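Scroll down for the structure; my scribbles are underneath it.
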Amino acid sequence: MIGNQITGVILAGGRSSRMGQDKGLVEINGLPLFAYIGIKLEPQVSKVWVSCNQNQQRYAARYPVVADTIADFAGPLSGMLAALIASETAWIACVPCDVPSFPDDLVERLWANKGQAAAVYAADPQRPHPALCLLNKSLIPQLQSYLEKGERKVMLFFAKCNAAVAVFDNPDNFANLNTPDDVARWQASREEKA
C-alpha cells in the first residue's frame, strides 16, 4: 500500500477573503469543511496534517498542525514547504481545504503517474489543479530557494522541477468552495445524493 509512505496535508493557510471567515472552519452539517477533506484523505495516506496560519488550536483538535515557515500568507507553496520539512515520510500529498469533492483515488493516481518526477499534480481536461499534488522531500532546497526569491506561482515552480501530471476526467471533482453560495450548493448536492 503506497499510502503508508505518504503524509496527507490539508492546505488551510490562505486568507479566505471571499468566504468572510477561515474557509477550512466553515461548518457544514456540524462538521468543519477541513474535516470533510481529512475524512476523505485518511484512507489514502498514513496520517493527516493541517497546514495553517490561523486558528491553529481549532485545527489541532482534529489533526496535527504545521505552520508556514514564511510569514504573511505566502501561498500554498509555503505550506507545502513547511510540511515537507516536518514530514517523517518521503512524500506528502496536498489537498486544499476548499476542494471537498476531490477524487477518492487521488493519491493512488498521482503516485501511478509520477514516474521518476519528485512532484506530480492533478489536472482535469480543461485546466491544472496544482494545489492537489504529491511531493518528495528532495524538493526542499529548490522550493526554499524559489520562495526566498519572492516567487509564489505554483505552476511556475512545477515547470522548474519538471513535475508530472495526472489527468482526471471529471472537472467537478476539483470545484473550489470560495464563497458561502458555493458551500450552500455543495451541501445541497450532497443532500440530493444521500
Fill in: Pick from segment 140-188, criterion hydrophobic (A, V, I, L, M, F, W, C) and under 13 Å from Val99 (Cα atoms), ranking: surrounded by the most Cβ atoms within 10 Å (Cβ to Cβ)
Leu177
Worksheet item: Would segment 106-119 turn up any residue that is farther than 24 Å from Trp186 by Cβ, among the small types (Gly, Ala, Ser) and without any contact (Cβ under 8 Å) to a residue 40 or more places away in the chain?
Response: no
Worksheet item: Is it the case that Cys97 is touching a Gly at 6+ places or on another chain (Cβ under 6 Å), touching a residue at least 12 places away in the same chain (Cβ under 8 Å) and within 24 Å of Tyr36 (Cβ to Cβ)?
Response: yes
Worksheet entry | Any helices (runs of 4 or more DSSP H) falling wholly within segment 35-147 and containing at least 1 residues that are within 13 Å of Gly24 (Cβ to Cβ) and in contact with a strand residue (DSSP E or B) (Cβ under 7 Å, 6 or more places away or on another chain) | 56-60, 76-86
Practice prompt. Starting from segment 148-163, take each residue that is farther than 18 Å from Lys137 by Cα and list its partners that are modelled with pLDDT under 95, counting only C-beta distances under 7 angstrom and pairs at least six apart or across chains.
Written response: Arg152/Ala74; Arg152/Gly75; Arg152/Leu77
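The values are calculated or read from the model by the stated rules, or taken from the named source; none is laboratory data. In this text the structure is predicted, and so the values were computed from the model without any measurement. Don't worry about glycine lacking a Cβ; one is built from the backbone with ideal geometry, like all the others, and counts go over all protein chains shown.
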